[in-house]
1. Charges on Cβ only, +1 for Lys and Arg, -1 for Asp and Glu, centred on the Cα centroid of region 335-480; of S452, Y349, L468, which one is farthest towards the dipole's positive end?
2. How much net charge surrounds G101 when only other residues with a Cβ under 14 Å from its Cβ are counted (Lys, Arg +1; Asp, Glu -1)?
3. Taking Cα pairs under 8 Å and at least six residues apart, what relative contact order does region 68-154 come out at, in percent?
4. Report Rg/Rh for the chain, rounded to two decimals, where Rg is the Cα radius of gyration and Rh the Kirkwood radius.
5. Above 20 angstrom, tally the Cα pairs of region 354-512 and express them as a % of all pairs, no decimals.
6. Past 30 Å, Cα to Cα: identify those pairs from K80/K233; K80/K384; K233/K321; K423/K456; K256/K457; K175/K266, in the order given.
7. For region 177-234 and region 424-462, write down the distance between their C-alpha centroids in whole Å.
8. What is the sum of charges, Lys and Arg at +1 and Asp and Glu at -1, for the other residues whose Cβ falls under 12 Å from the Cβ of A282?
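The values are calculated or read from the model by the stated rules, or taken from the named source; none is laboratory data. On a predicted model such as this, the values are computed, not experimentally measured, just so you know. Please note: Cβ atoms are built from the backbone with ideal geometry, for glycine as well, and neighbour counts cover all protein chains shown. Note: accessible area is taken over every heavy atom of the protein model, side chains too, but ligands, DNA and RNA are not part of it. Shrake-Rupley method; radii C 1.70, N 1.55, O 1.52, S 1.80 Å.
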Amino acid sequence: MASAHPLIGIPDNFRKPGGYAQIDFAQGPATASSGARDVVFVMPMLSTGTWTVNTEYRVRSSSEAEAGAGAGSPMHRSIKKFMSANKDASVYAIPFAETSGGSPVAATGTITFTTTATGTILATATICGEETSVTLPSGSDVTAIATALKNAINDKSWLPVIATNSSGILTLTAKLKGISQGTGTLGVIRYRATVTAGVGTTVATSGAFLGSGVAGAEGTTTEAANLATALSKIDAVRRYFLVTSANDATSLGNLKNHIVLKSEPKQGARSVGIFGFTGSLAAAQTLAIGRNYERLAMFLQVNSEHDCAELAGLWAALRQKYEQVDTAHCFDGAALDPWIKNVYAVADYPDGDDVNDAICDGITIVESGPAGPTVAMSVNTRSKNTAGTQDDFRATETHRVAVCDEYADEALSIWGNQFGGTKLRDDKKTADNKVDFTQSYIRGVTQPSQISIMLKKLQDQYELNAKLQDTATTKQSVDVRKEGSRLACFSELRVIDHAHQVTYLLAEVSPG
């Protein structure tokens with residue numbers, strides 16, 4: 001007999017004991033603690049790191065990430081940013097090697113000084129939002145200026161670049177090879193330079209970001225392939241937040257595929273992927289719509305002062321920090337200062353239409369303004385229908401996924417603690433085929449009506465904790481049936497809404 005409520009990957013002849021859950025999003029018409037949610041960073045490491053690639057490590061401090069993944073690596077920078085905002089999470093790292101084979105290239109950019117200084121000079125380079133300055137006396141030539149700045153930059157081991165000088169041309173080279181650190185069109189590591197005015201010396205850059213000098217390029221073994229290999233090491237392990245510094249379609253497709261397979265009922269390791277992006281809104285929309293998946297979140301700050309690794313690390317920190325307390329937490333307007341800065345140019349501040357377009361296309365966009373950077377709305381990339389052709393916002397808000405995951409976890413936990421391994425029999429029925437609630441219950445024997453009662457109580461609890469709404473209707477949908485040695489349970493869930501907007505229509509009616 002076919003199941004009334006079939007689950008993906010769980011055929012009628014699947015007999016392995018256990019509890020299994022499937023969550024279907026965007027169904028229906030068009031503050032209790034949820035516990036800690038582990039975070040795993042899956043990012044490239046440098047050859048200077050001490051860790052072994054494709055191996056999972058528990059990380060308790062940013063200094064461990066610095067030593068293990070290499071100072072200035074995406075892994076180090078992301079975990080450093082994460083821990084600046086969230087020191088209490090369980091953090092893990094799976095490092096993988098940078099692209100290799102063939103002719104991989106590290107992205108570069110140049111800062112060129114001209115003319116010997118005729119007075120005391122202050123030269124400053126800003127890299128990923130961090131200023132590095134040197135002061136030199138009158139008469140300093142361009143080689144002396146560039147050399148002093150080179151040394152000051154290289155003293156900051158946490159930066160993602162190495163500086164070299166040749167006759168006043170300061171070259172910044174990404175520590176990691178490949179496209180993830182910048183190409184001719186995607187600026188990941190932004191930089192700029194200034195010198196004291198009126199002392200003769202001038203400064204110019206090859207562009208606003210690494211890749212404007214020489215574009216990063218992949219080798220024959222790509223970063224995307226290495227990411228897929230690293231993810232395979234946790235196919236059987238659940239880490240709720242998977243954080244990556246990747247920013248290309250192939251890598252993010254590999255991350256999506258990993259999460260899709262793990263989140264099926266038989267595996268039951270439901271996870272959420274987080275990545276940062278610094279490119280244009282149009283490029284971000286292409287990436288997000290191409291993924292169109294409720295378990296993948298993009299954190300966008302166009303032309304950010306911070307690299308993709310830092311953005312991903314911060315957003316993972318805030319999501320974990322607040323969702324472990326309340327899975328229905330609303331992030332609207334959440335302040336991001338002091339962890340990240342506004343974008344440098346006011347012209348790059350997103351306007352209202354930009355923000356709306358981003359949200360509607362499944363992008364968590366950062367707004368810049370006088371009060372500092374803030375989160376517009378927390379959304380995932382599932383903004384379209386299955387075909388990706390029409391807007392469908394029903395599952396786009398991240399709290400809808402977070403609440404459903406918590407509910408499924410708790411329902412499975414109750415099953416395991418109270419009912420798993422018991423004996424099973426069907427309910428006694430009345431003449432009209434309804435459950436006879438005058439029936440007796442036997443210790444050690446589970447009946448469908450007991451699970452139905454448990455689920456309805458759980459739904460009431462979630463409504464009291466402001467995570468579900470309209471549970472009176474939801475409870476009417478609960479359907480638990482005995483199908484051989486399996487209990488097949490179905491229930492609708494109505495996740496609480498957020499108060500995103502208010503509108504007022506005012507009519508002034510004085511006679512004048």
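1. Final value for the positive-end residue is S452.
2. Here the count lands on -2.
3. It rounds to 20 percent for region 68-154.
4. 1.07
5. 66 percent
6. The answer is K80/K384; K256/K457; K175/K266.
7. 61 Å
8. -3
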